[in-house]
1. Quick one, which of [x] 16, 50, 31, 3, 0; [y] 15, 47, 32, 5, 0; [z] 12, 23, 25, 18, 13, 6, 3, 1 is the actual P(r) over Cα pairs in 10 Å bins from 0, in percent calculated for this model?
2. Can you work out ³J(HN,Hα) from phi for every residue in the range 64-78, in order, using Karplus 6.51 cos²θ - 1.76 cosθ + 1.60 and θ = phi - 60°, giving whole Hz and x for Gly and Pro?
3. In debye to the nearest 20, how big a dipole does the chain give about its Cα centre with +1 on each Lys and Arg Cβ and -1 on each Asp and Glu Cβ?
4. Of the accessible area of the range 5-82, with the probe set at 1.4 angstrom, what percent is carbon plus sulfur?
5. Would you mind working out the accessible area per residue for the chain, using a 1.4 Å probe, and quoting it in Å²?
Amino acid sequence: MSAAELRAWLRTAESKRVGWKGPDGALRESRGHASGRIIVAILEKGGRGLTDDDYLHMRKTVGFIRRHVAQQPANPVTSRWRYSLMNWGHDPLKTIVAS
């Protein structure tokens, strides 16, 4: 997803409903939603001025996406699975449609 697509997605109710919000579910923002905000900032840098923390977050993001893409549900279109991946900057339907 582009920075603009991800920024727009993060404003939706669907984006805010999914994801891990701590062991008791009490956190206001899910881990994936917070990650999405970091990813937007990284994407907006356009490859310039990336920090060690940026690279670390990119590796973490790739790992999350690889693990979760392998768990595709029968109906990915409106699934929490898809919405969670989108919070991390990856819309799996773009990959499915492109195949």
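1. Read-out taken from this structure: [y].
2. So the Karplus estimates, Gly and Pro as x, are 4, 5, 4, 5, 7, 4, 5, 9, 4, x, 4, 10, x, 4, 10 Hz.
3. 160
4. 54
5. Using a 1.4 Å probe on heavy atoms only, each residue of the chain averages 64 Å².
The values are calculated or read from the model by the stated rules, or taken from the named source; none is laboratory data. Note that the structure is a prediction, hence the values are computed from the model and not measured. Ideal geometry is used to build each Cβ from the backbone, glycine not excepted, and the neighbour counts take in all protein chains shown. Protein only, heavy atoms only, side chains kept; ligands, DNA and RNA dropped before computing areas. Shrake-Rupley method; radii C 1.70, N 1.55, O 1.52, S 1.80 Å.
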